[in-house]
1. Just need a number here: residues in the range 53-65 that are buried (at least 20 other Cβ atoms within 10 Å of the Cβ) and more than 22 Å from residue 138 (Cα to Cα).
2. Name the one entry in 65, 158, 74 that is over 25 Å from residue 295 (Cα atoms) and under 27 Å from the mean Cα position of the chain (by Cα).
3. Considering each of 68, 90 in turn, give the residue that is in contact with a strand residue (DSSP E or B) (Cβ under 7 Å, 6 or more places away or on another chain) and touching a residue at least 12 places away in the same chain (Cβ under 8 Å).
4. Hey, among 254, 229, which residue is free of Cβ contacts under 8 Å to residues at least 40 places away in the same chain and either crowded, with 19+ Cβ neighbours inside 10 Å or under 26 Å from the mean Cα position of the chain (by Cα) (or both)?
5. Given (1) out of contact with any helix residue (DSSP H, G or I) (no Cβ under 6 Å at 6 or more places or on another chain); (2) assigned by the TED database to the domain that holds residue 365; (3) modelled with pLDDT of 95 or more; (4) surrounded by fewer than 23 Cβ atoms within 10 Å (Cβ to Cβ), where does residue 268 come up short, assuming only one miss?
6. If you take the residues in the range 310-343 that are in a loop (DSSP other than H, G, I, E, B) and buried (at least 18 other Cβ atoms within 10 Å of the Cβ), which one is farthest from the chain's Cα centre (by Cα)?
């Protein structure tokens, strides 16, 4: 994965005298460690269609901590976990503890975004620390607060009970994804009525009670967190017999799936209702810019849909390895005919070679470099009519229309002025 400012010298914002080391041989340093970190909670691929969080890595880490600890420890949950996960960790630790060894469990969820993780760590808008309301629990909270206090203003370090901290992380990701699905749902209304989703988003975002962040309509959200965490929340609600709440949050995922499918269908419908045998360039395969991560990327869904319809795809992404693209599009969960997929894929290391000779460009990732491309050169190398489908709303659509492109985007119906003049009427594309 690509991460800005990632380096040993960037990880810590303060320079303590010779008391920080980086090592993967945890057994060598464990006897001297006072605080342990527990992480990684992927979706369970078997239970309830992948909605439950898979805690096998957390359980394994807890057993390792119990086995290796010869003195009392503070154990800190860092990754997103279900509510009450700390209780499970403590059960394992107490069942396997050595005489004289005790533990305190703290919940300290991270709020880092891929591509800006180091900046998010150094400039966190808040740090959550949850622990038990006991003298020992409060002492553990204070110790971790002291660590963060070296670079985080104490007013931004929020303490609470363990369960509130665990749920807060799930809730934060659910709210962010909900905003994306909400604006994407309105993008369909805009396309049907002639409204412009960018103008609607600006008007809504200027309301101080709402704000403008995460109101950019697009082909849909991806990444390793949003879908996983919302499905985890749905599972928790169902296990608590809160079916209406579970249905509410499931709709965020359903709307995201609808948006990805709607965008892919728009490509097919615009190309005279068939892409069979047609050459289509896909620009961007990562789930967002500034990372090489493709997990749950909308590009996977869009590309898969086009491949199923018989298209031949030319894919370019500046950071994603070709092997990763092949793995994603030939995975058993995506296709039963991997060899056929491979025969209809051409992977490129240059956007100009990817777009040459194609009928259409489908933009799936908002890489800055795509805004700087020479679209006059690209248009000259494409089949005509040449289409661009901007799934991230980052291109200058009016300029593209002047070049000669047929342009489609999210949440806005575009008018080709040249066609209107020649035909004597306004034609919508």
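1. To start, the set of residues in the range 53-65 that are buried (at least 20 other Cβ atoms within 10 Å of the Cβ) comprises 53, 55, 58, 61-62, 65.
Restricting the remaining residues to those that are more than 22 Å from residue 138 (Cα to Cα) gives 53, 55, 58, 61.
Total satisfying the criteria: 4.
2. Numbers: 65 fails: under 27 Å from the mean Cα position of the chain (by Cα); 74 fails: under 27 Å from the mean Cα position of the chain (by Cα).
None of the other options fit; the residue is 158.
3. Working: 68 fails: in contact with a strand residue (DSSP E or B) (Cβ under 7 Å, 6 or more places away or on another chain).
The unique qualifying residue is 90.
4. Details: 229 fails: free of Cβ contacts under 8 Å to residues at least 40 places away in the same chain.
Result of the check over 254, 229: 254.
5. (2)
6. First, pick out the residues of the range 310-343 that are in a loop (DSSP other than H, G, I, E, B): 310-311, 317-321, 331-337.
Now narrow it down to the ones that are buried (at least 18 other Cβ atoms within 10 Å of the Cβ): 311, 317-320.
Numbers: 311: 27, 317: 17, 318: 18, 319: 16, 320: 15 Å.
It comes out as 311.
The values are calculated or read from the model by the stated rules, or taken from the named source; none is laboratory data. Because the structure is a prediction, the values reported are computed rather than measured. We place every Cβ from the backbone using ideal geometry, glycine too, and count neighbours over all the protein chains shown.
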